[in-house]
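The values are calculated or read from the model by the stated rules, or taken from the named source; none is laboratory data. Source: prediction; values computed, not measured. Every residue, glycine among them, receives a Cβ derived from its backbone with ideal geometry; neighbour counts consider all protein chains shown. Note: accessible area is taken over every heavy atom of the protein model, side chains too, but ligands, DNA and RNA are not part of it. Shrake-Rupley method; radii C 1.70, N 1.55, O 1.52, S 1.80 Å.
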Amino acid sequence: MERQKFVRYVESTQEMLRRFLTALCCGDRSLADDLAQETYIKAYLSSDGFREDAKFEAWIRRIAYNTFISYKRKLTITADLDEASAVLDEPTDNSYSELYHALAGISDKERTAILLYYMEERSVKEIASILDISSEAVRQQLSRGRQHLKVLMINAQLQ
Amino acid sequence: MNDSDLKDIFAGFNPDLSPSDKFMARLGLELDAVEMIRERSKQQRRISRMALFVTSAVSLVAGFLLSLTVPYLDSLMIKLVGYILSDSSPKFSILVDCLPWVIVSAAVVAISLYTYDIALTVIGRRVEIRSIRAE
């Protein structure tokens, strides 16, 4: 893919992707920006084989999710788990702190499924293709994520 | 908490993001770096191909020229073996037959390796000078 064309795609999708990654990183804006940069670089490097213009958004989300997962893996290998959760527990944007803390309490897969379904309004089928799991598994993640979020949000409101 | 509650929570989700122009400028710099590395590795592949071509040509010529020396090496071996050993047993005659070709092959391999190394350096420098001039 030509650079100009790629930059046009980035311009049209970057805000949506950064919003999604900010929620996925539980409010850590600088981490979300770093992951977004890494996502676009990875996409650019493998863009030669990309042909379907209409599916750019789904493709970029899949790369973003995989980038986030590999970041988390690296984090758990290099730092201990306490430090890892501390990183995600410190939102740089305080306007949604309650939501970020609730999101930090659920698993990465549940969080991604919830965000893609409710924030990005993606269908179960699309989420399944992004997460590379079955539609049934997505429904399970959504159901579990909803339950966990419910408990965490109620707890946050009580405190 | 049901579907509509969650939809309401996320409907108004609009966190503060860093300025888009800053994000795009940073990405632009990273893409420049990626393209520079891409260009470099493409150039490196081109240089390796050219060096390989030069090495093949030199090895072919060296192999041909060195194979012309085999009869001389052969007689030299016979003389040498005759000088060292008084009896000419058949097991040494095989050695005498093979050794000149082994020497020629080893020489061709050595020449090829050195040629590849030299060609890589020389062609690499030329391409670098040409690219600096072009800039």
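Applying the selection to the stretch A:1-45, what residues are in a helix (DSSP H, G or I), facing chain B (nearest Cβ under 10 Å) and among the small types (Gly, Ala, Ser)? Residues satisfying the conditions are A:Ala23, A:Ser30, A:Ala32, A:Ala36. Comparison of B:Ile47, B:Ile37 shows that the only residue that is within 21 Å of the chain's Cα centre (by Cα), in a helix (DSSP H, G or I) and surrounded by 14 or more Cβ atoms within 10 Å (Cβ to Cβ) is B:Ile47.
The set of residues in the stretch A:117-159 that are more than 11 Å from every other protein chain (Cβ to nearest Cβ), under 16 Å from the mean Cα position of the chain (by Cα) and either assigned to a helix (DSSP H, G or I) or of a type in the set (Val, Ile, Thr) (or both) comprises A:Val124, A:Glu126, A:Ile127, A:Ala128, A:Ser129, A:Ile130, A:Leu131, A:Ile133, A:Val138, A:Gln141. Checked against (1) open to solvent by 70 Å² or more (accessible area, probe 1.4 Å); (2) at pLDDT 85 or above; (3) over 26 Å from B:Ile9 (Cα atoms), A:Lys109 meets all criteria but (3). Filtered by the rule that a residue be open to solvent by 20 Å² or more (accessible area, probe 1.4 Å), in contact (Cβ under 8 Å) with a residue 40 or more places away in the chain and among the hydroxyl-bearing types (Ser, Thr, Tyr), the stretch A:8-59 gives A:Tyr9, A:Ser30. In the stretch B:54-70, how many are open to solvent by less than 80 Å² (accessible area, probe 1.4 Å) and in a helix (DSSP H, G or I)? Of the residues in that region, 11 qualify. In this entry, A:Arg62 passes the filter for residues that are within 30 Å of B:Ile37 (Cα to Cα), at pLDDT 85 or above, of a type outside the set (A, V, I, L, M) and open to solvent by 40 Å² or more (accessible area, probe 1.4 Å).
Could you please let me know if B:Lys42 is over 30 Å from A:Gly27 (Cα atoms) and among the charged types (D, E, K, R)? Yes. Going by the structure shown, is B:Ala11 of a type in the set (A, V, I, L, M, F, W, C) and modelled with pLDDT under 90? Yes; evaluated as a whole, the condition is true for this residue.
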